[in-house]
Amino acid sequence: MTGWLDGQRALVVGGGSGIGRAVVDAFRAEGARVAVLERDLGKCALLADELPDAPVVAGDATRPADNRAAVARAVEAFGGLDVLVSCVGIFDFYRGLGDLAEDEIDDAFDEIFSVNVKSHLHSVKAALPELRKSRGSVILTESTSAYYPGRGGVLYVASKHAVRGLVTALAHELAPDVRVNAVAPGGTMNTDLRGAGALGLGDRRLNDTPGREAELAGRVPLGIAMSGADHAWSYVFLASRRARGITGDVTHSDGGIRIK
Ligand SMILES: NC(=O)c1ccc[n+]([C@@H]2O[C@H](COP(=O)([O-])OP(=O)(O)OC[C@H]3O[C@@H](n4cnc5c(N)ncnc54)[C@H](O)[C@@H]3O)[C@@H](O)[C@H]2O)c1
């Protein structure tokens, strides 16, 4: 049987849990070889245990050197790179401007924009020489917060709108060599998404919100609480050669929230 990603070589940034881990599993199921850059050491150990053939680099995607190390490791193992996926992100637990103390704003902005936006610049920059060689593709992770208010606070929503800008600008700049697209997941079950440390939310998990499953299903027309595995097939499609004519675009894996 042939897979949608047979022969492809991928790096998933933030592949240790949640949507990123589901992408790792779906890519492998479709025939890709997958390396991971992940900053949580416990998740790196688990990946190494569960997927002993997958190169795992422990590092921080906001740092250029860590991205370069992950790309080098993938190229060493696979001989090149066809796909870069980034699923890193942190949340702000719906903090509006009125909820932020004046002296919290600088550090919270720097942390959230560093992880949710700047890391993508460093990941793409590090992978670009290899992606140009393979005429490969990049898939970033947006959110319904990249389109609407209310599903995050001011900093999260602004950071996800900025990811849309990266997709548009990079798709324009990197054509015709490299396609750049995004998946915009809706609220998702069973992930480890945490808050920003600068807001004292580093240990708080969005998934622990009481009644989350019913709330997620209740907010979308399709009436389902989606998981990372539901979104992962959108990444598979965008990474596949079947999407060779698609760039600068986004797949809304969100239960239909836009038609509500
Ligand atoms: N959970 C949701 O409801 C939801 C909804 C829409 C969009 N998203 C977005 O999906 C993406 C994945 O989120 P998730 O819910 O799967 O959360 P998650 O925390 O399970 O996954 C993110 C992974 O990235 C890692 N990571 C974070 N910062 C990193 C860094 N600087 N360097 C390397 N690794 C880093 C984390 O350790 C984690 O393994 C994020 O961009 C998030 O904003 C999530």
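Structure summary
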item: In segment 106-133, the residues that are surrounded by fewer than 16 Cβ atoms within 10 Å (Cβ to Cβ) and either away from the ligand (no atom under 16 Å from the Cβ) or touching a residue at least 60 places away in the same chain (Cβ under 8 Å) (or both); result: Asp106, Asp107, Asp110, Lys125, Pro129, Arg132, Lys133
item: Segment 15-33 residues that are on the phi > 0 side of the Ramachandran plot, paired with ones that are part of a helix (DSSP H, G or I) (beta carbon under 8 Å, 6 or more apart); result: Gly18/Gly228
item: Counted residues, segment 113-136 - those being part of a helix (DSSP H, G or I) and over 19 Å from Arg63 (Cβ atoms); result: 4
item: Conditions (1) assigned to a helix (DSSP H, G or I); (2) touching a residue at least 12 places away in the same chain (Cβ under 8 Å); (3) open to solvent by 20 Å² or more (accessible area, probe 1.4 Å); (4) of a type in the set (A, V, I, L, M): number failed by Ala214; result: (2)
item: Residue under evaluation Glu173, criteria (1) assigned to a helix (DSSP H, G or I); (2) of a type in the set (Asp, Glu); (3) touching a residue at least 24 places away in the same chain (Cβ under 8 Å), criterion not met; result: (3)
item: Qualifying position, being crowded, with 21+ Cβ neighbours inside 10 Å and within 12 Å of the ligand (Cβ to nearest atom), among Val178, Val167, Val183; result: Val183
item: Residues of segment 62-81 satisfying the condition of being open to solvent by less than 10 Å² (accessible area, probe 1.4 Å) and part of a loop (DSSP other than H, G, I, E, B); result: Gly80, Leu81
item: Flag if Gly202 is surrounded by fewer than 16 Cβ atoms within 10 Å (Cβ to Cβ) and within 13 Å of the ligand (Cβ to nearest atom); result: yes
item: Qualifying residue in segment 10-32 (condition: of a type in the set (Lys, Arg), over 23 Å from Gly202 (Cα atoms), open to solvent by less than 60 Å² (accessible area, probe 1.4 Å) and out of contact with any Cys (no Cβ under 8 Å at 6 or more places or on another chain)); result: no
item: Odd one out for Ile246 among (1) within 14 Å of the ligand (Cβ to nearest atom); (2) in a loop (DSSP other than H, G, I, E, B); result: (1)
item: Qualifying residue in segment 82-89 (condition: of a type in the set (D, E, K, R), over 14 Å from the mean Cα position of the chain (by Cα) and loosely packed, with under 15 Cβ neighbours inside 10 Å); result: no
item: Candidate set: segment 33-51, residues that are charged (D, E, K, R) and in a helix (DSSP H, G or I); chosen: the one least open to solvent (accessible area, probe 1.4 Å); result: Lys43
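The values are calculated or read from the model by the stated rules, or taken from the named source; none is laboratory data. What you are looking at is a predicted structure, and each value in this text was computed from that prediction instead of being measured. Glycine also receives a Cβ, built like all others from the backbone with ideal geometry; neighbour counts cover every protein chain displayed. Side chains included, ligands, DNA and RNA excluded: accessible areas come from the protein's heavy atoms. Shrake-Rupley method; radii C 1.70, N 1.55, O 1.52, S 1.80 Å.
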